[in-house]
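The values are calculated or read from the model by the stated rules, or taken from the named source; none is laboratory data. In this text, all values refer to a predicted model and were calculated from it rather than measured experimentally. Cβ sites come from the backbone with ideal geometry, for glycine too, and all protein chains shown count toward neighbours.
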Amino acid sequence: MRTLLADATSTVQEGLGVAGDKAGYTTNLELTTIVANIINVILGLTGIAFVGILVYAGILYLTAAGEEANVKKAKKLLSNSVIGIIIIVSAYAIANYVFAALASITS
């Protein structure tokens, strides 16, 4: 399986390199590095969204003034945002592991 993945990655990398050279674009970055960077940016943006949702839920909780519906909504939003950040951190760890494995296979 690893050799198949390495061969496929190598073939794609070669094709992109040739196409980029013919188009006048040159870069030292590999495909796996570019994809890893894009995923890291997306995960970083979702982390920022988490902080925003967390602040919103906190403000909602503080301004609930004892109204049971608003308190319940704020608590649900807080718990969902914590579950979301756990998923984001897990996705980040898995993505970094996969791209480190791909980098070790192709190099």
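Just to verify a result, which residue in region 50-65, among those that are assigned to a helix (DSSP H, G or I), of a type in the set (A, V, I, L, M, F, W, C) and loosely packed, with under 14 Cβ neighbours inside 10 Å, is farthest from the chain's Cα centre (by Cα)?
Among them, the one singled out is LEU62.
Restricting the search to region 80-92, which residues are over 13 Å from VAL51 (Cα atoms), within 9 Å of the chain's Cα centre (by Cα) and of a type in the set (A, V, I, L, M)?
Across region 80-92, the qualifying residues are VAL89, ALA91.
So which of ILE38, ILE83 is loosely packed, with under 11 Cβ neighbours inside 10 Å, modelled with pLDDT of 90 or more and at negative phi?
Selected residue: ILE83, the only one of ILE38, ILE83 that is loosely packed, with under 11 Cβ neighbours inside 10 Å, modelled with pLDDT of 90 or more and at negative phi.
For region 93-107, which positions are loosely packed, with under 12 Cβ neighbours inside 10 Å and either within 17 Å of the chain's Cα centre (by Cα) or within 24 Å of GLY52 (Cα to Cα) (or both)?
ALA93, ILE94, TYR97
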